[in-house]
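Data block below; observations after.
Values quoted throughout were computed directly from the atomic coordinates according to the rules given, and no laboratory measurement underlies them. Every value quoted in this text rests on a predicted model; they were computed, and no experiment measured them. Please note: Cβ atoms are built from the backbone with ideal geometry, for glycine as well, and neighbour counts cover all protein chains shown.
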Amino acid sequence: MRVLLICDDQWHPGQVAIDGITPIMSSFQIDIITNAKEFSPDMLENKNNSTIPNSFKYSAVLLCKSDEISQTDKQPWKTESVQKTFTDYVENGGGLVAVHSGVVKGEHTETLDKLIGCYFLSHPDKCPVTVQPLKPHPVTENADSFLEIDEHYKIEIISPDVDILLASYSPSVICPAGYVRTQGKGRVCVLTPGHTPEVWSNPQFQRLLINALKWVSGTEN
């Protein structure tokens, strides 16, 4: 199964995600983009107008980047064309997993925000955050609760069909920490933890990532 990881912005160095997925690389073939100038719409084209996995170059996209080209280039990259590419990709059967900074909205990212189903509002200073599965689902299968120091994301859910699977708890707030939704023939999963290396290296978070990538690609069985 081939996955495209898109990561790296001002507040979220791509190396954190890259190091974090290294232990799960044996489960997937992962290509990495840190500079969004390297992204092109044809990477997500459905050439056969059919469902995954055979019609897409990538069975899933792992989006861990806000609307900045790279850590050093703060120009936006989520143009209307890019947002339409992601929407068409999912609606035609592609899978999208948005992690942490992947849910940070840009100035004009309404189309992608709607596809993802939420956008970031705020977070307190880094603090102990407990992530707790709420219900049985292929994304939460064999995943237990865990506690790490992290940015505790508060999000605004804007899609009415989200199925919340995870909650996160810190001393000041309780928030949704993960959910799934569908659009057209495709699937979307959101995981809000993931600012610190400790989260990415946690075996429970890695289990959630593996499950999420398999679920959005339709290969969970």
Fewest-first sequence of H123, H195, H100 by Cβ atoms within 10 Å of each Cβ: H123, H195, H100
Region 135-182-region 60-133 distance, computed between alpha-carbon centres (Å): 16 Å
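Taking a ≥ b ≥ c as the square roots of the Cα gyration tensor eigenvalues, with a/c under 1.5 meaning rounded and otherwise prolate when a/b beats b/c, else oblate, which class fits region 26-149?
Cα axes put region 26-149 in the oblate bin.
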Exposed trypsin sites (Lys or Arg not before Pro) absent - longest run of the chain, DSSP non-H/G/I/E/B, at most 15 other C-beta within 10 Å: 127-184
At 1.002 mPa s and 20 °C, Stokes D of region 118-221 from Kirkwood alpha-carbon radius, µm² per second: 155 µm²/s
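Based on DSSP H runs of at least 4 residues, each adding -39500 (n - 2.57), what is the mean residue ellipticity at 222 nm of the chain after dividing by all its residues, to the nearest 500 deg cm²/dmol?
-6000 deg cm²/dmol
Could you give the semi-axes, largest first, of the ellipsoid that matches the chain, computed as the square roots of 5 times the alpha carbon gyration tensor eigenvalues and rounded to whole Å?
Numbers: eigenvalues 115, 76, 56 Å².
They are 24, 20, 17 Å, listed largest first.
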Furthest towards positive pole of dipole, A167, V103, L115, structure part region 101-180, Cβ charges: A167
Residues V104, V97 arranged by fewest to most Cβ contacts within 10 Å: V104, V97
Ranking of C64, C118, C189 by count of other Cβ atoms within 10 Å, fewest first: C118, C64, C189
Neighbourhood charge, 12 Å Cβ-Cβ cut-off, centred on Q183 and excluding it, Lys, Arg +1 and Asp, Glu -1: +1
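Once the piece of chain linking S81 and Q29 is laid out straight, how much longer is it, given 0.36 nm per residue of separation minus the C-alpha distance between them?
Full extension of this stretch gives 16.1 nm more.
Would you mind telling me the antiparallel percentage of the DSSP bridges in region 1-106, rounded to 5?
On the way: 1 of 15 bridges.
Around 5 percent of the beta bridges assigned by DSSP in region 1-106 are antiparallel ones.
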Surrounding net charge for V199, when Lys and Arg each add one and Asp and Glu each subtract one, Cβ distance under 10 Å: -4
Stretch gain in nm, segment E91-K37, where the contour uses 0.36 nm per residue and the Cα spacing is subtracted: 17.1 nm
Gain in span if fully extended, L121 to D144, counting 0.36 nm per residue against the direct Cα distance: 5.6 nm
Neighbour net charge for V129 - beta-carbon separation under 9 angstrom, K R +1, D E -1: -2
Interatomic Cα distance distribution for region 105-169, bins of 5 angstrom, percent: 4, 15, 19, 21, 22, 15, 4, 1
